Every structure is written in C-alpha cells, then in structure tokens.
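Report on the following structure.
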Amino acid sequence: MSPTIQGGIVLVVTLIVLLSGAPVAFGLGAIAVSFLVIFQGVDSLRVAAETFYSGLNDFTLVSIPMFVMMGAAIGSSPAGKDLYEALERWLYRVPGGLVISNLGACAIFAALTGSSPACCAAIGKMGIPEMRRRGYPDDVATGSICAGGTLGILIPPSITFILYGIATETSIGRLFLAGVVPGLMLTGLFMLWTVFIIRRRGFRSHAPDFRYSWKEKFTSIPKIAPFLLIIAGVMYVLYGGVATPSEAAGVGAALCVVLAVLIYRMWSPDKWWLILRDTTRESVMILMIIAAAVLFGYMLTSLYLTQTLAQAIADMHVNKWVLMGLINVFLLVCGFFIPPAAIILMTAPILLPIITAAGFDPVWFGVVITINMEIGLIHPPVGLNIYIVNSIAPDVPVTTVMWGTIPYVLCMMLQIVILCIFPEIATWLPDHLMGVAAPHVR
C-alpha cells in the first residue's frame, strides 16, 4: 500500500476518533499503536513505550504545570474582578468603556495565566453580568469576553507557545517575546471594533453626568499593582539572563501563590486543595497529549507519511504566499474540530520543514499558528470559549454568543494578514532583545 493511501486512511480515522469525543491523548495513542501494528507488525511496539516516555523526558515541560499553577492560583482569587473594576473606573468615559475594560483586563490576566479558558472564565464571571445589568447588547457582552479570553494563549506566558517550541525545537523565550506586540495589537483591534459598534448603536452605559472621583480611581490600583509587578518580574528573570523559561515559570507560580495568600487571604485548605487538584488535572492532561502526540508523530514518520506530504507540497511549486494561505485554511479547519494543543503537537513538526523551506521564520509562524488556534477557540463546533461564556450566562442563546464572536474572528484574520505583510511585528522584539538567531535555537 502506498504512503498516500496509508495517509488518507490515517487522516480519516484520526478525524473520526477525535470528533467522536474520545479523550485526545488516548485517541492519538490508540491510533498510533493500531497503525504501527497493522502496517509494521507487532514487533514495532517494542519502541512504542520508549517513544511515549521520550515525549515527556524534557526539562522544558516543567514550565507547563508551573504556568498552570500560576493561572489556577490567580483564577481562584478575586484578581479578575479587581482588574475589571480598576480599568472600568479609568475607562468609563470611553464609548463602550465597560467592554474595553474587560478586554484590557483579559489582556493583563492573560499575562498572568497563559490559559484561554482561565482568562475567559475569570473575567467573564464578573464582566458579563455587569455589562448586561447596564444594558449592553448580549452579543457584544458575550462575544467580547469570548474574544478577550483567547488572548490567554497569545500574550506570554503562553502554554501554546511552550507546546510549539517543544514540538519544533524553537526557542520558547523568542516565542514569548514574539507574542507581545501582536497580542497588544490584537487587543487594540478588539477595542477599536468595540468602540465602533457601540458608537454606531448609540449606546451609553452611564448617565452623561456620571463621574468617578480621583479617589475612587486611585484606590482601585493597590490590589492589582502587585500582579503587574509579577508580570514584570517574570519577564525580567526570563530575559535578564537570570533564569530559563522553566525556572521563570517556577518564580511566577511562587509569586502568584504568595500574593494570593497575602492580598486575598486565601488561607483555606479547601481552596488550595481545589487549586492543586485543578493544576494536576490540567497538567496531566496536557502532558499526556504531548506524549501521545510524539508517539503519533513517530508513527507518521515511520510510515513515511510526513515525508510524502512534505514532498507533495514541495512538488506543487506554488508561490510561498499561496502555500501559506493553504496552510492557514488547513489550520482554521482543524481548529473548528480539534483542541489547540493537539493541533500544534500533531501538525507543527510536519509543517515546520515546509515553512522553513519556503523561507518563513519559525518564530513568526508560531505566532500565526497561535492566532489560528485562537479563532478555533471562539468558532463552532468546538469553540471552547463559547461554551464557557454560555455557562456563565445560560439564558443567552448560544447562537447569540456565536454571532457576537464573528466580528472578533474577522479581527484575528485581519491580524494574520497584517503579520503576513509586516512579519517584523512579530520578529522585531525577539531580534532586538535576544539578537538575530538561527531558526532552531532552543
């Protein structure tokens, strides 16, 4: 049987298994083992356990539970509420100021957690009821939180960047820096759309004579200032040559835990049991997906499927931007059905030689693929953030939430186009701070 036919069979079976709702890690592992046995015999299983273990035998992976712990500690505290309230007091005069406050809070919270669901849930629990109470349209209130939550995987620290860095052996530090400017730009695009639509609908959330006093504005700062210092501290130890990404993650997690205890008095053992439980559960899930994806990748390589695909694309002799367009469409379609972690771990090793041969920067491509994953988080049928928001506001129809996300999806697509035209938006900061480096620097 030719590699092309084998690849078609693997693709169909993989889609069926992942769309069936089976856990991603177990699904990928079962597919890998099954096809190794079918096409190479039982003897091929001798390397399966070793390959699975090798997927976890990487010190960089220590950063994942640390960043998850960081997000769990902050997400379980009232930090999201305080961020939202502080920004709302400073931005209330801007059209759609409450929505913009939530988007700003999502951007800052993203830099503390690195997790899209945590960001969406933490800000949404406070922001959505408040926006609806003040009369904001349901589609704007819910759609903005869905979109703001996606910033959690673009603005560093980002678990998605860690997974991409591990899968492609690209510098995680450079990836983190590359996500800063595009993340802030995307936040700005979200805010510009919000101001436009709120102005167009002629909506005001406050009476014309409503004012927050300067005292009320400044009293909102002390609680959030320490968390802004955490962001600065993690970035300093990471890029000041003090610590590796894994060590910086440990520093960030420790600081978040200490501040959650000191500022929010989170002394209760029950609360910390839930935080540790959630951290362990999410970390193990991600690590299992990584190990299974490595085994899945080994199966694809041993059957010469990745080499055949790469050669087929190379033989197309198309313009590199047509190629990039096809890759983006492929990633968008994958994002509609498959979780981001699984997509990156399955596709990045296959796509990397193709995009580097076409002359694209792997760090730049890491930002592009992450924005594609963001779109998948707010686009049906998977659209994880849509269902998180629907659980916060169950009386809002899911269709209303989905329609509310469409303008923000278009903003993300526009951001990808801008990055294609001006790739320096992603590459300038890492090149400026870390120097121009070879594509594969760990």
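The values are calculated or read from the model by the stated rules, or taken from the named source; none is laboratory data. Computed from a predicted structure; not experimentally measured. Every residue, glycine among them, receives a Cβ derived from its backbone with ideal geometry; neighbour counts consider all protein chains shown.
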Close pairs (6 angstrom Cβ cut-off, 6 or more residues apart or separate chains): on the phi > 0 side of the Ramachandran plot in the stretch 162-183, surrounded by fewer than 24 Cβ atoms within 10 Å (Cβ to Cβ) and outside any helix (DSSP H, G or I) anywhere = Glu169/His440; Glu169/Arg442
Can you name every residue in the stretch 1-43 that is within 26 Å of the chain's Cα centre (by Cα) and over 18 Å from Leu295 (Cα atoms)?
-> Ile16, Leu19, Ser20, Gly21
Just one of Met324, Met288 is closer than 26 Å to Val37 by Cβ and at pLDDT 80 or above; which is it?
-> Met288
Do we find that Ala147 is modelled with pLDDT of 80 or more, over 17 Å from Ile290 (Cα atoms) and touching a Lys or Arg at 6+ places or on another chain (Cβ under 6 Å) in this structure?
-> no
What single numbered condition from (1) modelled with pLDDT under 80; (2) among the β-branched types (Val, Ile, Thr); (3) closer than 30 Å to Leu351 by Cα fails to hold for Val181?
-> (1)
Subset of the stretch 420-430, residues more than 13 Å from Val180 (Cα to Cα) and either assigned to a helix (DSSP H, G or I) or modelled with pLDDT under 90 (or both), comes to Cys420, Ile421
Can you tell me which residues in the stretch 126-142 are more than 19 Å from the chain's Cα centre (by Cα) and either within 14 Å of Val401 (Cβ to Cβ) or crowded, with 18+ Cβ neighbours inside 10 Å (or both)?
-> Met126, Gly127, Ile128, Glu130, Met131, Arg132, Tyr136, Pro137, Asp138, Asp139, Val140, Ala141
Of the residues Ala254, Ala167, which single one is modelled with pLDDT of 80 or more, within 20 Å of Ala72 (Cα to Cα) and among the aliphatic types (A, V, I, L, M)?
-> Ala254
Quick one: Glu169 ticks every box in (1) touching a His at 6+ places or on another chain (Cβ under 8 Å); (2) under 21 Å from Gly96 (Cβ atoms); (3) not small (Gly, Ala, Ser) except a single one, so which number is it?
-> (2)
Answer yes or no: is there a residue in the stretch 403-412 that is hydroxyl-bearing (Ser, Thr, Tyr), over 21 Å from Pro117 (Cβ atoms) and out of contact with any strand residue (DSSP E or B) (no Cβ under 8 Å at 6 or more places or on another chain).
-> no
Residues located in the stretch 371-419, provided they are closer than 19 Å to Ala110 by Cα and assigned to a loop (DSSP other than H, G, I, E, B) = Ile378, Gly383
Which of (1) of a type outside the set (Gly, Ala, Ser); (2) in contact with a Gly (Cβ under 9 Å, 6 or more places away or on another chain); (3) at pLDDT below 80; (4) crowded, with 21+ Cβ neighbours inside 10 Å is the odd one out, the single condition Leu103 does not satisfy?
-> (3)
Which condition breaks for Gly383 when tested against (1) surrounded by 14 or more Cβ atoms within 10 Å (Cβ to Cβ); (2) out of contact with any Leu (no Cβ under 9 Å at 6 or more places or on another chain)?
-> (2)
With the stretch 246-358 as the region, which helices (runs of 4 or more DSSP H) entirely inside it contain at least 1 residues that are surrounded by 17 or more Cβ atoms within 10 Å (Cβ to Cβ), within 24 Å of the chain's Cα centre (by Cα) and β-branched (Val, Ile, Thr)?
-> 269-302, 320-337, 340-357
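State whether one or more residues within the stretch 23-43 are in contact with a Gly (Cβ under 8 Å, 6 or more places away or on another chain) and more than 30 Å from Val258 (Cα to Cα).
As a first pass, look at the stretch 23-43 and keep what is in contact with a Gly (Cβ under 8 Å, 6 or more places away or on another chain): none.
Looking for residues that are in contact with a Gly (Cβ under 8 Å, 6 or more places away or on another chain) and more than 30 Å from Val258 (Cα to Cα), one finds none in the stretch 23-43, hence no.
Just give me the residues in the stretch 248-302 being charged (D, E, K, R) and within 25 Å of Ile221 (Cα to Cα), in sequence order.
Matches in the stretch 248-302: Arg265 only.
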If a residue has to be of a type outside the set (Gly, Ala, Ser) and surrounded by fewer than 18 Cβ atoms within 10 Å (Cβ to Cβ) to count, how many in the stretch 24-77 make the cut?
-> 18
Mind listing whichever residues of the stretch 161-179 are farther than 21 Å from Leu295 by Cβ and part of a helix (DSSP H, G or I)?
-> Phe161, Ile172, Gly173, Arg174, Leu175, Phe176, Leu177, Ala178, Gly179
